[in-house]
Structure formats: structure tokens, C-alpha cells
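Read the structure below first, then the notes.
The values are calculated or read from the model by the stated rules, or taken from the named source; none is laboratory data. If you're wondering where the values come from, they're calculated on a predicted model, not measured in any experiment. Methodologically, a virtual Cβ is constructed for each residue, glycine included, from the backbone with ideal geometry; neighbour enumeration extends over all protein chains shown. Note: accessible area is taken over every heavy atom of the protein model, side chains too, but ligands, DNA and RNA are not part of it. Shrake-Rupley method; radii C 1.70, N 1.55, O 1.52, S 1.80 Å.
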Amino acid sequence: MKTIDIFNGDADGVCALHQLRLAEPCDSVLVTGPKREIALVKRVTASAGDRLTVLDVSLDKNRDAVLAALAAGAAVRYFDHHQPGEIPVHPAFEPHIDTDANVCTSLLVNAHLGGRYLPWAVTAAFGDNLDAAARAAAAPLGLTETQLATLRELGVCLNYNGYGETLADLHFDPAELYRQLRPYADPFAFAAESPAFRTLAAGYADDLARVDALAPHEARAAGRVFVLPAEKWARRISGVWGNALATASPAQAHAVLTAKPGGGFVVSVRAPLADKQGADTLCSQFETGGGRRGAAGVNHLPDADFGRFVAAFFATYENLPA
């Protein structure tokens with residue numbers, strides 16, 4: 001009988017697991033990867049009596065593997081905020097799923113735990129570019145603006161670590177980053193003391209400096225499209241930079257297309273923060289696309305589909321329903 005924790009490698013997945021294991025300590029098997037590696041449950045061969053906790057990966061992309069684990073006699077607990085498709089009904093399946101555009105997985109875990117580790121949920125919400133939700137959740141903590149800025153920086157840096165084509169692009173394997181967080185019940189202590197945080201903050205600043213002056217491939221009133229080269233730094237910064245662009249221009253949508261070494265692109269889409277909708281519908285038009293209304297992506301956009309994507313992007317955001 002094993003305890004298996006399956007989690008997205010971004011800030012939301014890592015912080016969600018951290019909250020749960022602060023509340024329910026155990027030595028579990030860790031299954032994770034770069035942020036875009038979401039079909040994680042299929043990497044697990046479950047047996048009767050195993051306990052699986054799945055955090056911040058789409059149920060729609062993992063349903064068959066979840067059903068197989070349940071059929072094998074495992075129990076599955078599922079926390080997520082992406083579009084789930086059909087949710088299994090099974091006595092051993094425990095879903096905590098909410099697709100509201102202002103909710104992230106760590107906020108769902110926080111609600112489940114009754115707010116016991118709220119600062120970590122706030123950190124994750126900032127990392128997921130849910131600044132308003134993070135501030136609202138943080139209200140009971142009575143934090144200063146300086147303290148909120150610290151949690152925001154921490155969340156952004158944890159999220160930055162999740163982006164990359166492979167683990168070799170990342171500063172830390174997300175499983176190792178979680179182990180670095182594990183001794184810290186207090187995110188402020190982690191930010192003050194952890195060499196891992198200093199590594200991420202320095203890497204983020206360096207990578208961000210490379211894109212600050214980049215001109216858009218195409219810009220219209222409704223949104224902007226940027227194209228990044230097939231470089232490690234570009235793969236690391238792509239998604240977090242998309243969040244930064246959205247924050248700086250909340251009335252516009254943004255797409256960041258990062259060239260892949262073997263051809264094609266990885267795509268990150270951010271809906272306007274002023275009207276968080278359409279990203280999932282847009283990206284789902286492409287074979288490897290998906291996500292949520294406010295933020296979505298395409299894992300592999302063939303070169304031949306570049307023009308079609310750009311046209312679909314502007315068609316989506318120039319025609320949003322009121």
C-alpha cells in the first residue's frame with residue numbers, strides 16, 4: 001500500500017501539495033514534471049489499497065488513468081481548477097474541483113484544510129497570476145504591502161521554475177523544489193533563508209531582462225502576440241512573462257509562442273485580466289491545447305498552424321461576448 005502524490009510542477013501544484021503534507025505528513029511517492037507535463041496519472045501503476053492525491057492537473061487529460069487506478073482498488077483524491085470533463089462517480093473517488101476563473105488549486109486545498117496554511121495558498125494564487133484573489137484570500141492575515149510583495153515574488157519565482165520543455169530547462173526538478181519547501185511552514189522564512197529561492201529570483205531576473213525589449217509579432221487593440229526563440233531561457237520565462245504582460249495590460253489578451261528546437265511552438269495564452277474568458281476555448285481548437293478560461297496553452301503547435309493560431313487568437317478576443 002503506497003501513498004502517491006501527483007502534482008503539477010508549477011507554484012500552484014507545489015504549494016497545494018506542501019499545504020496538504022504540512023497538515024498530513026507522510027513520506028509519499030512524488031510524481032511530477034515540468035508544468036506542461038499534465039498526463040501524470042498514467043505514470044502510476046496503482047494497486048489495491050494505494051492512496052493517490054492528484055493536484056492541479058486536468059482530470060480531462062487524466063480520466064482514463066484515474067479510472068484504471070480506481071478499478072485496481074486504489075483511492076483517488078483530486079484537487080483541480082481546470083475544465084474536468086465528465087467527473088467519475090465512484091466510492092473511492094473524492095473530487096475537489098472548481099473551474100471558477102478566480103480559483104486555483106491551492107485555494108481549494110486551503111478551503112479543504114480550513115485555512116491552516118493560508119500564506120502558502122496566497123503565494124500560489126500570486127504565482128498563478130490571480131493577484132486580486134490572492135489579496136482577498138490574504139485579508140484575514142493582516143499583511144503589510146511589503147509582506148504581500150514578498151509572497152508575490154515567491155509565488156512568481158516558484159511558478160517560473162515550472163516552465164520548460166524538459167526537466168533540463170528548469171532550475172530545479174519540481175519534486176526537489178517541493179523537498180526544499182517541506183521544512184518551512186512559513187513562506188516568509190523560506191524566502192528569507194532558502195538558497196533555492198535566491199537561485200530562482202536571480203534566474204527569473206536574468207531571463208526577464210532578455211525579453212523586456214522584445215517587440216510583438218502582431219499587436220492590435222484586443223491583444224498582442226509575441227514569438228520567442230528556441231532557447232532555454234525563453235522556455236523558462238514564457239509562461240511567467242505572459243502573466244506579467246497580462247498584468248501590465250489588463251484590457252488585452254496575450255499569446256506567447258516559444259519556438260521548439262525540433263520545430264513548432266509551445267503556446268501560452270492569457271485572457272484579459274479585465275475579462276477572463278476564452279483562453280480554453282481558443283487553445284482547445286488545437287490538438288494539444290487546453291487549460292482554463294483565463295489561462296491556457298498548446299503544448300505543440302506545428303509550424304503549419306502558426307497563421308491559423310494567430311487568426312484564431314484575434315478572432316477570439318476581438319469578438320468576446322459581453
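Looking at region 204-232 only, could you name the residues that are part of a helix (DSSP H, G or I) and in contact with a Lys or Arg (Cβ under 7 Å, 6 or more places away or on another chain)? Working first, answer last.
From region 204-232, those part of a helix (DSSP H, G or I) are 204-211, 232; that's our starting set.
If the condition is that a residue be part of a helix (DSSP H, G or I) and in contact with a Lys or Arg (Cβ under 7 Å, 6 or more places away or on another chain), then Asp207 is the only one that fits.
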Residue pairs qualifying under the 8 Å Cβ cut-off, at least six apart or on distinct chains, with the first in region 159-170 being more than 21 Å from Val122 (Cβ to Cβ) and the second being among the aromatic types (Phe, Trp, Tyr), are Asp169/Tyr163; Leu170/Tyr163
Residue within region 133-150 that is open to solvent by 40 Å² or more (accessible area, probe 1.4 Å), in contact with an Asp or Glu (Cβ under 8 Å, 6 or more places away or on another chain) and in a helix (DSSP H, G or I) present: no
When region 206-218 is checked residue by residue, the ones that are over 14 Å from Leu257 (Cα atoms) and open to solvent by 60 Å² or more (accessible area, probe 1.4 Å) are Asp206, Ala209, Arg210, Asp212, Ala213
Those residues of region 152-193 which are open to solvent by 20 Å² or more (accessible area, probe 1.4 Å) and among the hydroxyl-bearing types (Ser, Thr, Tyr) amount to Thr166, Tyr184
Counting only residues in region 239-267 that are assigned to a strand (DSSP E or B), free of Cβ contacts under 8 Å to residues at least 40 places away in the same chain and of a type in the set (A, V, I, L, M, F, W, C), the one surrounded by the fewest Cβ atoms within 10 Å (Cβ to Cβ) is identified as Ala259
Picked from region 95-132 (must be under 28 Å from Thr146 (Cα atoms) and of a type in the set (Val, Ile, Thr)), the residue most open to solvent (accessible area, probe 1.4 Å) is Val103
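Of all residues in region 268-305 being part of a loop (DSSP other than H, G, I, E, B), hydrophobic (A, V, I, L, M, F, W, C) and modelled with pLDDT of 95 or more, which is nearest to the chain's Cα centre (by Cα)?
Only one residue fits best here, namely Ala271.
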Considering region 170-203, residues that are small (Gly, Ala, Ser) and outside any loop (DSSP other than H, G, I, E, B), and then whichever is nearest to Ala16 (Cα to Cα), we arrive at Ala175
